[in-house]
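Reviewing the structure listed below.
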Amino acid sequence: MAAHLSSGRVNLTALREAGRRELREFLDKCAGSKEHEVEKMFTLKPGRLPPADVKNIIFFVRPKLELMDIITDNVLREERGRSPLRDFHILFVPRRSLLCEQWLKEQGVLGSFIHREQYSLDLIPFDGDLLSMESESAFKECYLESDQTSLYHAAKGLMTLQALYGTIPQIFGKGDCARHVANMMIRMKREFPGSQNSIFPVFDTLLLLDRNVDLLTPLATQLTYEGLIDEIYGIQNTYVKLPPEKFAPKKQGEGGKDLPTEPKKLQLNSAEELYAEIRDKNFNAVGSVLSKKAKIISAAFEERHHAKTVGEIKQFVSQLPHMQAARSSLANHTSIAELIKDITTSEDFFDNLTVEQEFMSGIDTDKVNNYIEDCIAQKHPLIKILRLVCLQSVCNSGLKQKVLDHYKREILQTYGYEHILTLNNLEKAGLLKPQTGGRNNYPTIRKTLRLWMDDVNEQNPNDISYVYSGYAPLSVRLAQLLARPGWRSIEEVLKMLPGPHFEERQQLPTGLQKKRQQGENRVTLVFFLGGVTYAEIAALRFLSQMEDGGTEYIIATTKLINGTTWIKSLMEKLEPAPF
């Protein structure tokens with residue numbers, strides 16, 4: 001995991017170390033000494049715990065009732081078994097939950113835990129410029145269940161960041177959840193006046209953005225390299241599992257014999273030089289970069305034939321590990337690019353993308369779409385249908401009642417009436433709704449914020465719209481306009497978007513006011529409440545790298561999402577009837 005940005009101005013190591021220190025202290029307490037060697041780590045699942053010759057068993061869990069059932073099962077099976085007596089400990093991440101402890105008590109296992117503690121893991125560094133709470137249900141909790149727990153954790157995480165990196169002088173926000181988080185931060189600061197430290201502030205601005213301010217962006221198909229990997233295969237905690245056949249070593253004369261069956265698991269972050277270079281590019285620009293790299297690596301290996309003296313041979317040998325790692329990295333990403341290309345060149349992908357782009361550019365958003373009807377008739381995956389229908393609804397500020405009823409009827413008759421609860425959730429979240437007042441604000445928002453660009457340059461982009469091949473993410477455009485010329489220039493459009501927009505200033509201790517050096521960039525922390533996509537992250541990184549941008553962006557979020565995982569989090573899973 002990369003520890004800092006290329007500029008070296010923001011280093012997330014301090015945050016990582018604070019978390020490790022807290023964990024070490026808990027392990028000391030459990031083991032009763034400084035010698036706490038972890039024997040084995042297992043994924044939490046029902047049944048007997050795997051055999052291990054240990055005295056202490058520690059459960060690291062999110063405070064969720066369904067996980068308490070699994071833990072209860074684990075503990076009761078251990079206590080009933082003939083295994084040697086063990087000490088159980090439980091560590092709730094990020095906060096202890098009285099509800100969970102009460103549940104364990106009712107199941108009769110609470111007394112089995114010697115230690116019940118919390119591990120304040122609010123923000124996890126995923127990369128040098130990326131932090132995530134990995135709270136899967138944050139959007140659903142906030143918008144469907146009116147549960148603000150994740151917002152409290154977000155505020156706590158931001159207070160931790162300020163303790164490590166100094167008070168953030170300016171806070172801007174858009175949306176109800178953003179307002180709640182800012183209010184909680186202000187209250188926490190007031191209630192703990194000693195938390196104000198004398199650290200020179202690293203961040204100049206905090207921008208809090210509600211996901212429901214921009215419901216459109218996650219529904220569209222991401223077209224960056226990293227975004228497409230996530231769309232097609234799903235990136236889980238920086239790892240991706242890929243079909244193994246493209247990664248099998250090709251031996252002469254063996255053909256397709258003995259192909260591996262286990263998925264190929266790869267870690268994806270900017271510690272890998274090639275991935276850092278291509279991850280944020282539009283997929284159409286990736287092939288030329290890989291081709292160029294292949295020529296450079298091939299030329300580097302050819303150098304061995306020109307090494308004549310001992311010194312030259314020694315120099316070549318010293319570079320060999322780096323060259324071999326580069327060749328292996330190139331082979332992996334060439335294989336991934338081939339896998340993605342097989343999908344992006346398919347007729348179905350092209351038709352789907354065409355409909356998305358028509359909606360985003362304002363074409364035929366007010367009537368039943370033939371492609372969506374055909375997909376329903378052919379029983380394409382339900383999530384694909386829901387993404388398209390929700391995209392049409394958002395791009396039309398809601399659907400005419402007749403169009404909405406038609407889509408609902410087709411979906412329920414084709415996929416089953418149990419999905420009526422999911423449709424209800426999507427309506428409640430504002431993703432799929434009837435048009436009220438007969439006014440469609442999207443065209444005004446699209447034109448004012450320049451959300452659709454016809455002449456996008458995918459190879460050498462000059463605008464953030466390259467990440468969706470024409471569509472500029474609304475959320476990122478808001479961040480860009482905040483930096484220059486400021487939100488006052490778009491006051492009318494901000495009023496059309498959901499929730500309040502606001503500005504707060506935090507007083508800095510004397511002597512900590514920043515005097516900007518000539519050419520020094522401002523640092524803005526953009527916090528997405530409800531999730532962020534890899535395409536939005538790529539767009540913000542693009543703005544950071546612009547020569548005349550003047551702002552460097554760090555991204556934080558409640559969860560890294562794509563359209564599929566986001567819609568999935570809003571779907572209701574109905575248990576089949578027991579008869």
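For region 121-210, the fraction of alpha-carbon pairs lying more than 16 Å apart is 57 percent, rounded to a whole number. Considering all C-alpha pairs of region 62-123, those separated by over 18 Å amount to 33%. Among the listed pairs K55/K264; K189/K447; K241/K281; K40/K189, those with a Cα-Cα distance over 32 Å are K55/K264; K189/K447; K40/K189. Dividing the mean sequence gap of close Cα pairs (under 8 Å, 6+ apart) by how many residues the chain holds gives a relative contact order of 19 percent. For the chain, DSSP calls about 35 percent of its internal beta bridges antiparallel. Surface composition of the chain: carbon and sulfur atoms hold 51% of the protein heavy-atom accessible area at a 1.4 Å probe.
In the structure displayed, which of K140/K408; K45/K156; K408/K495 lie more than 26 Å apart, Cα to Cα? Over 26 Å apart, Cα to Cα: K45/K156; K408/K495. Just so you know, the averaged projected area of the alpha carbon convex hull for the chain sits at 34.7 nm².
Summary of packing: across the peptides 147-154, 454-461, 360-367, the per-residue average of other C-beta atoms within 10 Å ranks them, highest first, as 147-154, 360-367, 454-461. In this calculation the C-beta distance from K55 to A271 is compared with R0 = 30 Å, giving a FRET efficiency of 0.25.
Legend: translational diffusion of region 409-479 by Stokes-Einstein, Rh = Kirkwood radius over C-alpha pairs, 37 °C, 0.692 mPa s; D = 218 µm²/s. Working from label points 7 Å from Cα in the Cα-to-Cβ sense, the D351 to D454 distance is 2.7 nm. Full extension of the chain between T414 and A294 gives 38.3 nm of extra length, using 0.36 nm per residue less the Cα-Cα distance. Percent of Cα-Cα pairs more than 25 Å apart in region 341-484, please. Taking all Cα-Cα pairs of region 341-484, the fraction more than 25 Å apart is 34 percent.
The values are calculated or read from the model by the stated rules, or taken from the named source; none is laboratory data. The structure presented is a predicted model; accordingly, all values stated were derived computationally and were not measured. Every residue, glycine among them, receives a Cβ derived from its backbone with ideal geometry; neighbour counts consider all protein chains shown. Areas reflect the complete protein model, heavy atoms only, side chains present, ligands, DNA and RNA absent. Shrake-Rupley method; radii C 1.70, N 1.55, O 1.52, S 1.80 Å.
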